[in-house]
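Take a look at the structure below.
None of the figures in this text is laboratory data; all of them are computed from the coordinates on show. A quick note: this is a predicted structure, and the numbers were derived from the prediction, not measured. So basically every Cβ, Gly included, is an ideal-geometry build from the backbone, and we count neighbours across all protein chains shown.
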Amino acid sequence: MKKDKLERMLEAMMSTGADFAEVYVEDKKTTIFNYIDSNLDSYSTNFSNGVGLRIAKGTDVYYASTNDFTNKNINKIIDTLCSNISNKKTYKYVSLNRVKRYNNLSKTHYTNEDVKALFNLLDKKIRSKDKRINQVSISLQNNKQGVTIARENGLFTFEQRERTRLFIIVSFKDKDKTFNINYSYGLTTGLDLLDKINYDEVIDTLVKEGIDKLYAVLCIGGEMPVIIENGFGGVIFHEACGHAMEATSVADGISVLSHDLNKKIASEVVNIVDDGTLKNEWGSTRLDDEGRETKRNVLIKDGVLKGFLIDEVNSRKMGMVPTGSSRRESYLYAPTSRMNNTYLEAGNSKFQDMIKDIKLGLYAKKMGGGCVSPETGDFNFACDLAYMIRDGKVCECVKSASLIGNCKDILQSVEMVGDNLELGQGMCGSVSGYVPVNVGMPRIKVSHILVGGEKCE
C-alpha cells in the first residue's frame, strides 16, 4: 500500500477527534511439508493478506480488519470506526516520514526434492535404531510475513519476517503398549534451519526417551522436591508467571501480580527476562506489531518484580511507557502486550548437587501442556516425560505425572538454578491470537510442589 494512501487513511481516521490512529498491512506466505511412513504425505503453500485499522481516544479503542483493499470498502470501515469517537469533523495533517525497514528473509534455497531426500534419510536412520518404532512423522513449516505499520504521529515501518520450524514424532509399540515421543526446533530463519540440527544426537535422545516412556510406571503423588529440566521446562514460568506480567491483565487489575511492582515475589536466585532482540530466535522480531523496536525487558531481578510487558493502549491505563511488546497473530487481530522470548537466567548449580539430598522426588525432564489462572496464579501442568528420584538417584520412568501449584509459591520455592540455559519453541494463545514464543530456563530445583500421580507410597 502506497505512502500517500496510508496518509489519507490516517487523516480520515483522525477526522473526528481521535488521538491515535494506526494502519497495519500484512501479507503472508505459508509452506508446509508433511512426511509420514516414508512418504511425502502432503505439500501446500497458502497466501493471505489484509489490513487492520485501529483508532483510539484516551483508553477507548476500536478495531476493524479486511482483506478487501478497495477504496470504497476502506472508506466504509473508516467511517464506521470514526462514528464511535465523535460526529464532529476536524482535520489533522499526517506526514509519514519516520521510515524503518528490516528484511530478515533467508537467502538459502532448498528445493522440495532436497527436503524430501533429507526426510527419507531421517526416516531410515530412526527406524534402524529399534524394532519397536512403529511410525515416523516429520513436518516442516515455513512462514514469510511482510508487515507495514503506519501511525498518525508519522511512524512508518516495514519488516520482512521469516520463521521455520521442524517437527519429528516417533511412535513406539510393544504388544498393547503404544507411546509417542516428539522433537521440535524453530528459528526466525529460512530452510537453512535444517543445517543447524545435530540429527544423530536428536535421534538417539528420541529413541532412548521413547523406550523409557513405553515402559513407564504410575507416578507417585504428593508434595515433594522437583527438578525441572531446561528448555521447554520454562513453559511453567511462561504460563504461570509470564501472562500475569502482561499489561493485558495487569492494567485492569486482574493479574495476581498487578500490585506487586518493586516487591520481592520470588527467591533471590530467580531472574526472569523477556527479550525480543535475540538474533534468529523463534520469538524474536526487530519491530513489535505497533512499529516499536523490540527490547530486552527485565521482569524479575534477584526475586524482585521490576517490570511488565506493555503495549500502547495499556500504557495509557497504567501511566507507563510501552516496552516494545505488542504482538498479534495477523491483521485479523488488534495487538496487545505479549511475550517474545521469556526465560529464567542461568545460575551455577550442577545436577548432582540438586539431587543428592532428595530422598523422594520427581525429575520432570519434559513438560507438556497445562492451564493457569492469571487472576489467582493457580496452575496445573502435565509432565510429558518424568522420572522418580530416590536417595539422590534418577530411577524409574513414570507416567501420569503433573505439577500443581501457584505462581507465587513456585517463584518462592526455586532453591537452585542450573548453568544449562536453553530455549524451547511454542505457540502462545491470547486475545490477539497465536504468536510464536520461546520459553526457556536452565535446570532448576523446586524445594516443594504438589505432584499429581495415581500411586501412593
Taking Cα atoms, how many degrees apart are the long axis of helix 199-214 and the longest axis of the chain, rounded to 10 and kept between 0 and 90? 60
Identify the chymotrypsin sites (Phe, Trp or Tyr not before Pro) of the range 72-151 meeting these criteria: DSSP loop state and at most 12 other C-beta atoms within 10 Å of the C-beta. Y91, Y93
Which value, to two decimals, describes the C-alpha radius of gyration of the chain once divided by 2.2 N^0.38 Å? 1.07
Here, N75 and E454, labelled 7 Å along Cα→Cβ, have an inter-label distance in nm of 6.6
Report, in degrees rounded to the nearest 10, the 0 to 90 angle that the Cα long axis of helix 112-127 makes with the longest principal axis of the chain. 20
Residues of the range 49-91 with amide N under 15 Å of the 7 Å Cα→Cβ point at R8: 69-79
Going through K175/K393; K129/K213; K264/K350; K3/K89 one by one, the pairs whose alpha carbons sit over 21 Å apart turn out to be K175/K393; K264/K350; K3/K89
Simple SL model, points at 7 angstrom along Cα→Cβ for T59 and E223; separation in nm is 3.8
Along the range 345-350, what does the Karplus equation 6.51 cos²θ - 1.76 cosθ + 1.60 (θ = phi - 60°) give for ³J(HN,Hα), rounded to whole Hz, x for Gly and Pro? 5, 5, x, 9, 7, 9
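Kindly rank 170-177, 74-81 from highest to lowest mean number of other beta carbons found within 10 Å of each residue.
Most protected by this proxy first, the peptides run 74-81, 170-177.
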Between 0 and 90 degrees, rounded to the nearest ten: what's the tilt of helix 71-83 against the longest Cα principal axis of the chain? 90
Rounded, prolate or oblate: which one fits the range 37-112, using the alpha carbon gyration tensor with axes a ≥ b ≥ c (rounded when a/c is under 1.5, else prolate when a/b beats b/c, else oblate)? prolate
Could you give the dipole magnitude of the chain about its Cα centre, charging the beta-carbon of Lys and Arg +1 and that of Asp and Glu -1, in debye to the nearest 20? 940
Which one of H243, S330, V372 is farthest out on the positive end of the charge dipole of the chain, using unit charges on Cβ (Lys, Arg +1; Asp, Glu -1) and the Cα centre as origin? S330
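Out of all Cα-Cα pairs in the range 220-274, roughly what percent, to the nearest whole number, are more than 18 Å apart?
For the range 220-274, the share of Cα pairs beyond 18 Å comes to 46 percent.
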Take each of the peptides 355-363, 18-26, 195-203, 314-322, average the number of other beta-carbon atoms within 10 Å over its residues, and list them starting from the highest. 18-26, 355-363, 314-322, 195-203
So what is the relative contact order of the range 217-452, in percent, for Cα pairs below 8 Å that sit 6 or more residues apart? 32
Ordering 335-344, 214-223 by per-residue average of other C-beta atoms within 10 angstrom, highest first, gives 335-344, 214-223
More than 16 angstrom separation, counting every C-alpha pair in the range 366-442; what % is that? 68
With a point put 7 Å past each Cα toward its Cβ, work out how far S373 is from T30 in nm, to one decimal. 3.3
